[in-house]
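Below: the structure, in structure tokens.
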Amino acid sequence: MSHNSYIRGLVENGCEVDVIMKNDSWGQTDSALNKINGVNYIEFESTSWIDKIRIRARGNVSRNVADGCKSVSTDNSNSKFSTSLKLRSILKTAFYKLFPQDKVYPLDKKWISTTQKFRNHVEYDLVVSNSSPSASHKVAQLLIESGRVKTKRWVQIWEDPWSHDLYGNHSAAIENEERNLLEAASEIFYVSPLTTEYQKRYFPTAAHKMNTIPLPYFEIDDCENGSKTLNTPIKYGYFGDYYSHTRNLLPFFNAMNNSQRSGYIFGDTDLLLQSETVEISPRVTLDVLKNVQRQTSVLVHLSNLYGGQIPGKIYHYSATNKPILFILDGTDEEKQLLTKHFGVVNRYYFCDNTQESIMQAMDAIEREFCAKDEQPVLQYSPKEVVKLFL
């Protein structure tokens, strides 16, 4: 979604755009994410046969774990869920031993190799590499250094950092590769002011090139926010993964349950949640998600536990006319910076990630629900973000 948004913004600002991309070599393409008219797409083979076996096997294991969790009773669900996760870990280790992966670009070696066939004698005014995957920056570096792509300026957009991202456990080899890529760029952009500050500390030799830019939302969501009457139940919706080591969803979940509020929680997780008033589901496709969001009155954004990364959904939620509950987490310094950064648009209801603070914010939303007319944040639109970028 975000890659399409940047491309759309370039076109809307009068640019001619070539896109070097992976082909659809396995799985299915989300039908809601079509290519943009007027853009020249050059696709390259991206997945080797070993990768396909590994990915499909890993997917089957994940589905079996999820199906196993759905079928167990409440009494022994936690133990069976734990056993399923251990089984997945053992099988994953076995796959890696049978099919060794590259330590830096485990699923992108094929794509990095095939893209080097590209050659264009036109000198580009600007080359933009956008991650994830991080391999997109490597592709750009190799094409530029080999002379297959000529350009006046190479800009990197990192929607998430690499070696110091939220999920961690990355090797020194990845950190060294990230440093190599950052030092080779003309300019570097992150979508979180916190990430920018942290990356400057981690990579001081490239700090002078780093800046922050908003993540453009995909499109304006002009669907009505329900009937917006006092008699209509207000439904809250959290849509995104919520693994316990990255985000703490329990205060929001408890606030919903204890106040008997209704809504939706959609996303992958390591938690087992059950509720009579909240519909809980794993990750779904974009077209399914859109239908659920149309029935949602209030969109919920949950900050990460640490690290400064901002879930991209806050920008996409800003394209709607729905109230947005912005749950802050992290250190006091991080929460203050996030409030300052996003507070300028006067579009969010901020609260701390405690049950009491969340319920107070919900009360405030519901008091103003019918009277307040929310509008999309136009400065996060593709055209305006890319205009700022250019």
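Determine if the range 122-133 includes at least one residue that is at pLDDT 90 or above and of a type in the set (D, E, K, R).
Checking the range 122-133: at least one residue is at pLDDT 90 or above and of a type in the set (D, E, K, R).
Looking only at residues in the range 322-377 that are part of a helix (DSSP H, G or I) and of a type in the set (Val, Ile, Thr), which one is most open to solvent (accessible area, probe 1.4 Å)? Walk me through it before giving the result.
Initial filter on the range 322-377 (part of a helix (DSSP H, G or I)): 332-343, 355-368.
Applying the additional criterion that residues be of a type in the set (Val, Ile, Thr) yields 339, 358, 365.
Details: Thr339: 51, Ile358: 0, Ile365: 1 Å².
Within the range 322-377, the match that is most open to solvent (accessible area, probe 1.4 Å) is Thr339.
Could you check the range 296-321 and list, in sequence order, the residues that are closer than 19 Å to Phe253 by Cβ and surrounded by fewer than 18 Cβ atoms within 10 Å (Cβ to Cβ)?
Correct list: Leu305 only.
Residues Pro214, Pro161, Pro204: which one is out of contact with any strand residue (DSSP E or B) (no Cβ under 9 Å at 6 or more places or on another chain) and under 17 Å from Ser2 (Cβ atoms)? Working first, answer last.
Values: Pro161 fails: out of contact with any strand residue (DSSP E or B) (no Cβ under 9 Å at 6 or more places or on another chain); Pro204 fails: under 17 Å from Ser2 (Cβ atoms).
Answer to the check: Pro214.
Which of the strands (runs of 3 or more DSSP E) contained wholly in the range 143-219 include at least 2 residues that are closer than 25 Å to His316 by Cβ and open to solvent by 20 Å² or more (accessible area, probe 1.4 Å)?
Details: elements: 154-158, 187-190, 210-212.
The strands (runs of 3 or more DSSP E) meeting that bar are 187-190, 210-212.
The values are calculated or read from the model by the stated rules, or taken from the named source; none is laboratory data. These figures come from a predicted structure and were not determined experimentally. Cβ coordinates were reconstructed from backbone atoms using ideal geometry, including for glycine residues, and neighbour counts include every protein chain displayed. Only protein heavy atoms, including side chains, enter the accessible area calculation; ligands, DNA and RNA are left aside. Shrake-Rupley method; radii C 1.70, N 1.55, O 1.52, S 1.80 Å.
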